[in-house]
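Novice: Take this structure, written in structure tokens, and hold onto it; I'll ask about it next.
The values are calculated or read from the model by the stated rules, or taken from the named source; none is laboratory data. Computed from a predicted model, the values in this text were never measured in an experiment. All Cβ positions, glycine included, derive from the backbone under ideal geometry; neighbour counts span all protein chains shown. These area figures cover heavy atoms from the full protein model, side chains too; ligands, DNA and RNA do not enter into them. Shrake-Rupley method; radii C 1.70, N 1.55, O 1.52, S 1.80 Å.
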Amino acid sequence: MDEITNESVNFVLTSPPYPMIEIWDSLFSSFNPRIGEALEDGDGMRAYDLMHKELNSVWDEIDRVICPGGIVCINIGDATRKIGDSFKVYANHSRIIYYFEKKGYNILPLIIWKKHSNKPTKFMGSGMLPPNAYVTHEHEYILIFRKNGPRQFKTEKEKEKRRNSAYFWEERNEWFSDIWADLKGTPQKLDDIERKTAAYPLRLAYRLISMYSIQGDTILDPFLGTGTTMIAAMCAARNSIGYEIDTKFKNIIEARIKEIKRLSRELIRERLKKHAKLIKMKNTRYRSKYYGFNVMTKQEQDILFQIIKEIRKDDGNRFEITYKPLKFVNFL
């Protein structure tokens, strides 16, 4: 990520290839042939260790570019796999936690993303006979790390952007729970490209970006895929940088960017309408400066959404988006 200067990124949100998930074997092996050799030899732990060494090289770059006080969110699932006669869990989330812990990051409470299973059965192994059945994996982890303690906002402009970027009281109560069961995975089968069958959806990325960054921040996704992190960042009035080694995704990402005006307005409207409906049933003495309804706390008074005014693309892979504040909209 040579284009990114040291400590210039405020928030990282990504979902890497999952070690020991079979659809990623060939990708990992293309980076290090010893991984393929380990799998052929039936040595699952050796392959697992080598796959995480490949991921660690990306985490090294993230450590370089993330600013003090910056947040890193990594969506990862563990793998269950039988190699030879041995069936076991490969605990990907714990390996990543170990890396960031050794780097000195603050390990923040993680989120269990409970995904809805499409499997007709809820068990693996020996059916109704103990003791050799296994529970199914129906969740993934959103790991959360912070570099060098809480972020500082020193200038009045920074403080104002932070106030404008606040979330509603009811969003705080919902979002900052450690179990998320309201967001379904998004199927991704695209021509000859097959990614995870349930990648994280736009609303999950938008929620995390709203929780852990402010308007105007720079968001990074080093495993961009179909561009969900970047699309969510654009909808939330953040700058964004994405890396994707598979050029087949470029047209998909650019087609999605064309939809962001509609998506941005849709996400903002959902939040405003939901709040306006809830606040009718609450008694509060605080009022929004811009939206004609009451709010629960003083910190919510300055919430100000930005809507997309114009999208321009240069000759390369860069998009420039201009915004204007959405003021005095009454959804009551």
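Novice: How far apart, in nanometres, would the label points at Lys277 and Asp178 be if each is projected 7 angstrom from Cα along the Cα-to-Cβ direction?
Specialist: It works out to 3.0 nm between the two label points.
Novice: At 0.36 nm per residue, minus the direct Cα-Cα distance, what do Gln152 and Thr5 gain on full extension? Give it in nm, one decimal, please. Intermediate results must be reported in sequence, preceding the final value.
Specialist: Values: separation 147, 0.36 × 147 = 52.92 nm, distance 1.98 nm.
Length difference between fully extended and current span is 50.9 nm.
Novice: I've got another one for you. Please work out the ratio of the alpha-carbon Rg of segment 240-332 to 2.2 N^0.38 Å and round it to two decimals.
Specialist: 1.43
Novice: Considering only the other residues whose Cβ falls under 14 Å of the Cβ of Gly242, what net charge follows from Lys and Arg at +1 and Asp and Glu at -1?
Specialist: That works out to -2.
Novice: Give the span of the chain's Cα atoms along each principal axis, as three whole-Å numbers ordered largest to smallest.
Specialist: Taking max minus min along each principal axis of the Cα atoms, the chain gives 65, 51, 41 Å.
Novice: Tell me what the chain gives for mean residue ellipticity at 222 nm when only DSSP H runs of n ≥ 4 count, each as -39,500 (n - 2.57), the sum divided by the residue total, rounded to 500 deg cm²/dmol. Don't skip to the answer; put the middle values down first.
Specialist: Values: 10 runs with 111 residues, N = 332.
Calculated mean residue ellipticity at 222 nm is -10000 deg cm²/dmol.
Novice: Another question, if that's okay. Just to confirm, what accessible area per residue do you get for the chain at 1.4 Å probe, in whole Å²?
Specialist: It amounts to 53 Å² per residue over the chain.
Novice: His139: accessible area at probe 1.4 Å, nearest 10 Å²?
Specialist: In the full protein context, His139 sits at about 60 Å².
Novice: A further question on this structure: For the chain, find the longest principal axis of its Cα atoms and tell me its angle to the long axis of helix 202-212, 0 to 90°, nearest 10.
Specialist: Approximately 70 degrees, to the nearest 10.
Novice: In whole Å, how far is the Cα centre of segment 286-332 from that of segment 52-107?
Specialist: 35 Å
Novice: What FRET efficiency comes out for Lys289 versus Ile245 if R0 is 35 angstrom and r is the Cβ-Cβ distance? Round to the nearest 0.05. Let's see the in-between values first.
Specialist: Numbers: r = 45 Å, r/R0 = 1.28.
So the FRET efficiency works out to roughly 0.20.
Novice: What's the extension gain from Glu40 to Glu254 if we count 0.36 nm per residue and subtract their Cα-Cα distance? List each step's numbers first, then the result.
Specialist: On the way: separation 214, 0.36 × 214 = 77.04 nm, distance 3.86 nm.
Between Glu40 and Glu254, full extension yields 73.2 nm more.
Novice: At 1.4 Å probe size, put Lys159, Lys82 in order of accessible surface, largest to smallest.
Specialist: Numbers: Lys159 85, Lys82 135 Å².
Accessible-area ranking of Lys159, Lys82, largest first: Lys82, Lys159.
Novice: On a 0 to 90° scale, report how tilted helix 92-102 is relative to the longest principal axis of the chain, with both axes built from alpha carbons and the result rounded to the nearest 10.
Specialist: The angle comes out at about 70 degrees.
Novice: Hey, any idea what % of the chain's accessible area is carbon plus sulfur with a 1.4 Å probe?
Specialist: Details: 8710 of 17650 Å².
Ligands and nucleic acids excluded, carbon and sulfur give 49 percent.
Novice: Now, a different point. State the extension gain, in nm to one decimal, for the chain segment bounded by Thr80 and Asp60, taking 0.36 nm per residue of separation less the distance between their alpha-carbons.
Specialist: Result: 4.5 nm gained on full extension.
Novice: Ranked highest first by the average count of other Cβ atoms within 10 Å around their residues, in what order do 42-50, 217-225 fall?
Specialist: Output ranking for 42-50, 217-225: 217-225, 42-50.
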